[in-house]
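A short write-up of the structure that comes next.
The values are calculated or read from the model by the stated rules, or taken from the named source; none is laboratory data. Source: prediction; values computed, not measured. Positions of Cβ are backbone-derived with ideal geometry, glycine not excepted, and every protein chain shown enters the neighbour counts.
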């Protein structure tokens with residue numbers, strides 16, 4: 001592969017709430033380095049994976065919500081706009097537009113840190129709507145024998161909601177964010193602040209020591225600490241067990257030892273649907289809207305297999321007209337049987353469009369969810385102890401994989417001298433596909449996974465490397481190093 005091709009990369013960690021790229025900067029993307037140093041190569045404007053903007057296209061406005069005052073739009077900052085490139089096949093063939101993520105932030109004081117161990121033995125069962133098996137019958141499971149037909153918008157869904165509400169939790173996160181002095185050259189004596197975010201989650205299983213909750217990665221990404229609130233309003237500290245940033249999925253673990261007997265008796269494990277949803281069938285969305293507590297909206301399945309792109313991350317989602325409000329991210333999208341068919345993820349915001357919410361389909365994510373719930377629970381390491389591979393890389397999406405016959409994963413643009421990758425034998429043009437048993441689909445995945453490993457720690461890594469003009473899989477053990485200046 002010509003090293004001048006496809007030099008752009010998804011930078012950062014998944015969805016963002018505060019900015020979108022300006023049209024005149026769409027050709028400035030560079031290879032990302034998890035070392036934090038400047039990349040050595042310039043990007044090519046001819047790169048087919050660049051974000052392109054059509055000056056004649058419609059303009060949409062990013063509209064984040066605020067937890068402190070959801071209706072306040074007087075922040076003093078101008079709305080940022082992006083322009084959408086028109087593509088063949090119509091407006092809905094590929095919805096690469098600004099999506100407002102259903103996650104909200106505010107300012108709070110204080111933070112906490114904690115961690116636990118795990119050992120999961122649950123897997124998805126067979127059948128059209130199987131829940132994750134449990135080793136203890138003290139936690140109930142939702143009854144999926146409710147209404148089987150009809151539209152949620154035209155009937156009473158209170159029975160379904162009452163059955164499923166014990167399976168949905170509110171998630172509150174805190175995140176420490178560094179910031180600089182307002183006066184250059186002067187030390188204000190303060191270098192960080194704590195922000196709070198609100199989202200939702202769905203109880204999908206448990207093991208001998210943990211209750212397991214599925215949510216969106218963007219709900220818990222970068223958090224310093226978090227807690228969940230159950231149906232009886234009891235709050236319990238939790239940790240992020242595992243995450244797949246490229247799928248916007250994460251699993252949160254709550255120690256069973258921290259959950260009182262009364263709460264155990266009231267919560268339930270959700271029933272997950274494995275059948276694909278059909279356009280026109282009823283839909284019910286449950287989530288922690290605006291951080292005010294669980295609420296319910298109803299509608300129908302408007303469309304399936306919608307490709308939605310946010311910050312260079314493209315997901316194939318269910319579209320519904322049931323309102324997906326800020327704070328609903330990670331909550332449940334239900335069918336009329338009370339089965340979870342999707343994980344609420346985003347909404348489309350435009351003055352010209354109403355009723356466009358999106359959810360990650362459960363039926364196509366069982367393998368990824370199983371991988372997440374069976375992962376070992378690990379704690380993030382301190383930044384000063386964090387391990388690095390020592391590479392510059394770029395994403396190889398499914399589209400690029402097909403176009404250039406390169407495996408999906410992270411394409412190694414450059415290997416840094418003195419780094420872990422160099423010592424392990426990784427070279428330019430290799431593609432990283434797996435780290436310590438976790439799939440690597442993007443630099444976002446790779447960076448997120450490395451947050452749990454210290455310098456000096458040895459972990460297995462899988463790469464695809466060129467041999468006889470073809471890519472072959474190779475497994476290596478790599479010892480991480482500290483950050484190379």
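Table: residues versus (1) touching a strand residue (DSSP E or B) at 6+ places or on another chain (Cβ under 8 Å); (2) at pLDDT below 95.
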| residue | (1), (2) |
| --- | --- |
| 153 | yes, yes |
| 158 | no, yes |
| 166 | yes, no |
| 184 | no, yes |
| 193 | yes, yes |
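Please work out if residue 224 is closer than 25 Å to residue 162 by Cα and modelled with pLDDT under 95. When the stated conditions are applied, residue 224 does not pass them. Restricting segment 398-418 to residues that are crowded, with 19+ Cβ neighbours inside 10 Å and farther than 17 Å from residue 465 by Cβ, the residue that is modelled with the lowest pLDDT is 400.
As a summary of the residue check, residue 370 satisfies the conditions (1) in a helix (DSSP H, G or I); (2) at pLDDT 90 or above; (3) under 30 Å from residue 202 (Cα atoms); (4) not assigned by TED's automatic domain parsing to the domain that holds residue 244 except for the one numbered (4). When you check residue 246 against the structure, is it in a helix (DSSP H, G or I), assigned by TED's automatic domain parsing to the domain that holds residue 329 and under 20 Å from residue 346 (Cα atoms), yes or no? In short, yes. Can residue 340 be described as buried (at least 21 other Cβ atoms within 10 Å of the Cβ) and either under 19 Å from residue 228 (Cβ atoms) or at pLDDT below 95 (or both)? Yes, satisfied.
Among the residues of segment 277-320, count how many are part of a loop (DSSP other than H, G, I, E, B), surrounded by fewer than 20 Cβ atoms within 10 Å (Cβ to Cβ) and touching a strand residue (DSSP E or B) at 6+ places or on another chain (Cβ under 7 Å). Final tally of qualifying residues: 5. Apart from one condition, residue 355 fits all of (1) over 19 Å from residue 219 (Cβ atoms); (2) modelled with pLDDT of 95 or more; the exception is (2).
Please verify whether segment 290-298 includes one or more residues that are touching a residue at least 60 places away in the same chain (Cβ under 8 Å) and touching a helix residue (DSSP H, G or I) at 6+ places or on another chain (Cβ under 6 Å). Checking segment 290-298: at least one residue is touching a residue at least 60 places away in the same chain (Cβ under 8 Å) and touching a helix residue (DSSP H, G or I) at 6+ places or on another chain (Cβ under 6 Å).
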